[in-house]
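Encoded as structure tokens, the structure appears first; notes follow it.
The values are calculated or read from the model by the stated rules, or taken from the named source; none is laboratory data. These figures come from a predicted structure and were not determined experimentally. All Cβ positions, glycine included, derive from the backbone under ideal geometry; neighbour counts span all protein chains shown. What goes into the accessible areas is simple: the full protein's heavy atoms, side chains included, and nothing from ligands, DNA or RNA. Shrake-Rupley method; radii C 1.70, N 1.55, O 1.52, S 1.80 Å.
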Amino acid sequence: MGSRMELHTLLALVLAAGLTATSSGQAPTARLRQAAVPTLGVHELALAPASVHWGYYDARLAPAVRVASGDRVRVETMVAGGLQRLRLAGVPESDIPESLKVVERSVTERGPGAHPLSGPIFVEGAEPGDTLEVRIQKVKLALPYSYTGFSPRGGLLPEDFPRARTRIIPLDEKRMVARFAEGIEVPLRPFFGSMGVAPPESAGRISSVPPGVHAGNLDNKELVAGTTLFIPVHAKGALFAVGDGHAAQGDGEIDITALETSLTGTLEFVVRKDLRLRWPRAETPTHYIVMGLDRDLSQAMKLAAREAIDFLSTEKKLSQDQAYMLSSVAVDFHVTQVVDGTKGVHGMIPKGLFKAR
């Protein structure tokens, strides 16, 4: 888990750099998503020891691949926490892909977090102060099963559950459901729980557990295929990394696990020189998403509310008073997760509010 000092130091570094939200100069309805950028190339980032670092984000990491703005990367990721839980829960060795075994056996340098991360991906032209636009084009299951569980060391209610339990949950990709129990099926909406850039180099190595201004372990279930994530850049090349595959998750993720599994995906990267953000934002076909992150849930909520007001006043040209009121009557604020040290709240702003003039 990241310490309070680590998070506050990172935030202070970013704010000191002057990364304040400003207008992009685009039409209000095109605030986040940029116009089409020609795709220059498609790269492969296969799951292998050379392309995985475990449990941390760090601006000093050597890139696993270099891409241009507009390029796409097909990525393969490893299940969070490694293979021990799968084995303890009874998954036969023959059902665990050899690529996962090789990564676990070979990547022996581990950070404080539980997440094997694929990358980093160096995006040419990305500089501190820019925004990295990450278009999530495809997310696919890589395994026919997932695990979920809890332990007395984490989760929201360790005092009520002072024991450890893990269950293997089969995934039916054809029907896109998880067979949780007899008569209970969970719809699958796969997404990467962790997508982030490097922190400023002066912050050093930070844990992959708490999310922050670098995004990272957001655990935001809205970030499925067809959505876009926007992350402030803090290091040259951005150094994007991805992992923590979830087949499905509820808002809050209260026992500290989702349906944890391996995923593959296709991501497109665009460097935005016209967009400056203090916190990650996102966009779906139907909503703009603002985010607040803090160790205190009330403070995370306040940050998300202020981000919504900033978006509405800066990009939709409302007064501060109007933006505050609209956020109360039309914006839904969700608890993203409460189990990663730094808690998350995200606000869903419906695009349907804004009619063409």
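At 1.4 Å probe size, put Asp219, Asp255 in order of accessible surface, largest to smallest.
On the way: Asp219 5, Asp255 45 Å².
I get Asp255, Asp219, largest accessible area first.
Whole-Hz ³J(HN,Hα) for each residue in the range 186-192, computed from phi via Karplus 6.51 cos²θ - 1.76 cosθ + 1.60 with θ = phi - 60°, x for glycine and proline: what do you get?
Couplings: 9, x, 8, 9, x, 7, 8 Hz.
To the nearest 10 square angstrom, how much accessible area does Arg74 have with a 1.4 angstrom probe?
Roll a 1.4 Å probe over it and Arg74 shows about 110 Å².
Explain nothing, just the number: relative contact order of the chain, from Cα pairs under 8 Å at least 6 residues apart, as a whole percent.
Values: 927 pairs, mean separation 83.4, N = 357.
Across the chain, relative contact order equals 23 percent.
Sum up the charges of everything whose Cβ sits under 11 Å from the Cβ of Gly193, counting Lys and Arg as +1 and Asp and Glu as -1, but leave Gly193 out. Please report the intermediate quantities before stating the final value.
Details: positive: Lys221; negative: Asp219, Asp244, Glu253, Glu260, Asp340.
Overall, the nearby charge balance is -4.
Amide H neighbours of Phe333 under 5 Å, at least 5 residues apart or on other chains, H built in the peptide plane: list them.
Hits under the 5 Å cutoff: Met348.
Any idea what the dipole of the range 34-168 comes to, in debye rounded to 20, about its Cα centre with Lys/Arg Cβ at +1 and Asp/Glu Cβ at -1? Write out the running numbers ahead of the final one.
Values: 16 positive and 15 negative charges, 100 e Å.
The dipole of the range 34-168 has a size of about 480 debye.
In nm, give the distance between the simple-model label positions of Asp160 and Ile184, each being 7 Å from the Cα along the Cα-to-Cβ direction.
Here the answer is 1.4 nm between the modelled labels.
First select every other residue whose beta carbon is under 9 angstrom from the beta carbon of Asp244; then total the charges, Lys and Arg +1, Asp and Glu -1. It would help to have the intermediate numbers written out before the result.
Working: positive: none; negative: Asp219, Glu260.
Charge balance in the 9 Å sphere: -2.
Which percent of the accessible heavy-atom area of the chain goes to carbon and sulfur, probe 1.4 angstrom?
Working: 8120 of 14890 Å².
With neighbouring chains kept in place, the figure for the chain is 55 percent.
Specify the inter-centroid distance of the range 297-313 and the range 316-357, based on alpha-carbon positions, in whole Å.
Each part reduced to its Cα centre gives a spacing of 7 Å.
Let me have the relative contact order for the range 229-351, percent, based on Cα pairs under 8 Å that are six or more residues apart.
Numbers: 186 pairs, mean separation 34.2, N = 123.
RCO, the range 229-351: 28 percent.
Could you tell me the accessible area of Ser151 in Å² (1.4 Å probe, neighbours in place), rounded to the nearest ten?
Near enough 20 Å² of accessible area.
Relative contact order for the range 194-281 using alpha-carbon pairs under 8 Å, separation at least 6, rounded to a whole percent? Please report the intermediate quantities before stating the final value.
On the way: 117 pairs, mean separation 30.0, N = 88.
Reported relative contact order: 34 percent.
Per DSSP H run of at least 4 residues, take -39500 (n - 2.57); add these up for the chain, divide by its residues and hand me the 222 nm value, nearest 500 deg cm²/dmol. Each step should come with its number before you reach the end.
On the way: 5 runs with 57 residues, N = 357.
After summing the helix terms and dividing by the residues of the chain, the value is -5000 deg cm²/dmol.
Considering only Cα-Cα distances, which of the following residue pairs are longer than 24 Å: Lys174/Lys221; Lys221/Lys273; Lys317/Lys351; Lys101/Lys221; Lys101/Lys236? Please list the in-between numbers first.
On the way: Lys174/Lys221 21 Å; Lys221/Lys273 27 Å; Lys317/Lys351 15 Å; Lys101/Lys221 27 Å; Lys101/Lys236 32 Å.
Listed pairs above 24 Å: Lys221/Lys273; Lys101/Lys221; Lys101/Lys236.
Taking a ≥ b ≥ c as the square roots of the eigenvalues of the Cα gyration tensor of the range 247-302, is the shape rounded (a/c under 1.5), prolate (a/b larger than b/c) or oblate?
Details: a/c = 2.18, a/b = 1.12, b/c = 1.95.
Verdict is oblate for the range 247-302.
So, in nm, how far is label Lys174 from label Ala46 when the simple model puts each one 7 Å beyond its Cα toward the Cβ?
Using points 7 Å along Cα→Cβ, the separation is 2.9 nm.
Name the residue, out of Ser262, Ser146, Ser94, whose mean-square fluctuation peaks in a Gaussian network model built on the chain with Cα pairs under 10 Å.
Ser94
Top to bottom by accessible area (1.4 Å), largest first, where do Leu40, Leu45 land? Before the final figure, lay out the partial values.
Numbers: Leu40 120, Leu45 5 Å².
Correct descending sequence by accessible area is Leu40, Leu45.
Pick from Thr108, Thr314, Thr148: which is most flexible by mean-square fluctuation in a GNM of the chain where alpha carbon atoms under 10 Å apart are linked?
Thr108
Hey, got the dipole for the chain? About the Cα centre, +1 on K and R Cβ, -1 on D and E Cβ, debye to the nearest 20? Kindly include the intermediate steps, with their values, before the conclusion.
On the way: 40 positive and 39 negative charges, 109 e Å.
The dipole of the chain has a size of about 520 debye.
How do Asp340, Asp95, Asp251 rank by accessible surface area computed with a 1.4 Å probe, from largest to smallest? Spell out each step's value before the answer.
Values: Asp340 10, Asp95 80, Asp251 55 Å².
The ranking, largest first, comes out as Asp95, Asp251, Asp340.
Name the most mobile residue of Arg66, Arg153, Arg276, meaning the one with the largest mean-square fluctuation, in a Gaussian network model of the chain with Cα contacts below 10 Å.
Most flexible of the set in this elastic network: Arg153.
Whole-Hz ³J(HN,Hα) for each residue in the range 48-53, computed from phi via Karplus 6.51 cos²θ - 1.76 cosθ + 1.60 with θ = phi - 60°, x for glycine and proline: what do you get?
Calculated HN-Hα couplings, in order: 7, x, 6, 10, 10, 10 Hz.
In nanometres, what is the gap between the two model label sites at Lys236 and Thr108, each 7 Å from Cα along Cα-to-Cβ?
3.2
Just report the Cα centroid separation between the range 83-97 and the range 238-274, whole Å.
Value for the Cα centre distance between the two parts: 22 Å.
Read phi for every residue in the range 102-110 and hand back ³J(HN,Hα) as whole Hz from Karplus 6.51 cos²θ - 1.76 cosθ + 1.60, θ = phi - 60°, with x for Gly and Pro.
Using θ = phi - 60°, the values come out as 5, 4, 4, 6, 9, 8, 8, 7, 10 Hz.
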